[in-house]
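FYI, it's all coordinate maths here, none of it is from the lab. None of these values were measured; they are calculated from a predicted model. Cβ placement follows ideal geometry from the backbone for every residue including glycine, while neighbour counts extend to all protein chains displayed.
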Amino acid sequence: MRGKYLVAALSIMCVRALSAVTPVASATFEGGEQGRILVQAKINGKGPYPFIFDTGSVNILSLDVANQLGITVSGKQQIDAFGGSVESASAVLESITVGDVTMSRNEVLVIGGGPFTNGGPVGFLGWQFLLKLVVEVDYQHGVLNFYNPETYTYPGLGARVPVTTSGNLILIPARIYGQPASIELDSGNENSALVLFRRFVAEHQLHSNIQAITGYGFGGLTRAMVTRAPALVIGDLEIRSPLVHLSVDTSGVEGGNFDIDGNLGAPILREFTCIYDLPHKAVYLEPNTWFNKPELDDHSGLVLDTRRAVAEVLYVYPGSPAAQAGITAGDQLAAGNGKGLPEDQWHDSLDAPPGTVVYIQVNHHGQRRKISLTLRSYL
């Protein structure tokens, strides 16, 4: 479920200044308009394979691909993830190549199941690249640029935001509901504009009358109260009326007692060209042409589990087009032609502008019917 928000900042838009700073390597990616950074990467010289470039994740590889490539996997550990904890193992890759840049001797987590089903990405990349390079994410043009941190000087007029790190998390200072908050930047979170974790929600007595299943992570289903905050303030940037998930989970990263207050996802990050300069403890945010425009939002009211060929309905928002069409939790959905869709295609079709008609086949306890949903805003 993606949140609609309006972004506002200083009245002067940021423009890149001319500079001699040039990247040492580049890579293209798909899905920038939807906040997705889908890159093709070679593993040990083989592939390419689809990965999500994720600023909120260590490098992760699916167990199936590790087995296909004959990669030795060892050890077991529990890690906290969205929805709870998940069992993982470890491996060392000879190399990971993204575009023109190759990283050698890469430690990765290996995880089975989870999102790695139904023809989607086979892993996540990010942390090792962010540690060693300055990384620019240009959502509008679908380009990753990598710079040498020893010679890099930021050439633009974007907002400079100081960062700290906690483990593999990139944290920035912000204000939400008028309170200071330490927020993680998570380009791999395509489903939520902003998640506030349980401890912060309880401390500031935040509440909403809508409580929903909001999706799933490696650790299982995620649940939250859903509402809109007056504003999220990051430095001189003000993001007005963002859709917020007030987590009610008691386990996983959002339910734990971590010194982190929330997670800022791709639905907001896509409004900017983001330059992650971790070696100099800064992130730069440059508004792009999508800045201050309504984002592509879910306009159906459906929260889906898309890990199998046929999507299962996890939750239906009251008063939404899906609710009015009689779709209920537990129903199974296919595209109008009866075929299953991977997660990205479901997202993109349901994120279409209001007024778009989407055709779906519904299996309700063995009874099949075809329906049409006229998408519209409902939150």
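Some points to look at:
- Each residue in His299, His141, His347, His364 was given a count of other beta-carbon atoms within 10 angstrom of its own, and listing them fewest first yields His141, His364, His347, His299.
- Based on Cα contacts under 8 Å between residues 6+ apart, region 155-287 shows a relative contact order of 34 percent.
- Inter-label distance for Lys339 and Thr28, nm, one decimal - labels placed 7 Å from Cα along Cα-to-Cβ: 2.4
- Database remark: amide H of Ala282 closer than 5 angstrom to the amide H of Val163, Asp277 (H placed geometrically; neighbours at sequence offset of 5 or more, or on other chains; Pro and chain starts carry no H).
- Modelled FRET efficiency - R0 41 Å, Asn292 with Ala329, Cβ distances, 0.05 increments: 0.70
- Remark: relative contact order (region 302-374) = 27 percent; criterion is Cα-Cα distance under 8 angstrom and separation of 6 or more residues.
- Entry for region 284-379 at q = 0.21 Å⁻¹: log10 I(q)/I(0) = -1.01, Debye formula applied to identical alpha-carbon scatterers, no solvent contribution.
- Dividing the alpha-carbon radius of gyration of region 189-228 by the rule-of-thumb value 2.2 N^0.38 Å gives 1.18.
- Coarse-grained scattering of the chain at q = 0.06, 0.10, 0.15 Å⁻¹, given as base-10 log I(q)/I(0) from a Debye sum over alpha-carbon atoms: -0.22, -0.63, -1.45
- Extension gain, Tyr359 back to Arg376 (0.36 nm per residue minus Cα-Cα distance, nm): 4.7 nm
- Proxy reagent accessibility, fewest Cβ within 10 Å first, across Ile275, Ile60: Ile275, Ile60
- Residue order for Thr306, Thr250, Thr222, fewest other beta carbons within 10 angstrom first, comes to Thr250, Thr306, Thr222.
- With all projection directions averaged, the alpha carbon convex hull of region 129-216 covers 8.3 nm².
- Cα convex hull volume per residue for region 155-287 (Å³): 101
- Size of region 25-147 as Cα extents on the principal axes (Å, biggest first): 38, 31, 26
- Theoretical FRET efficiency, 1/(1+(r/R0)^6), r = Cβ-Cβ of Asp259 and Leu131, R0 25 Å, to 0.05: 0.75
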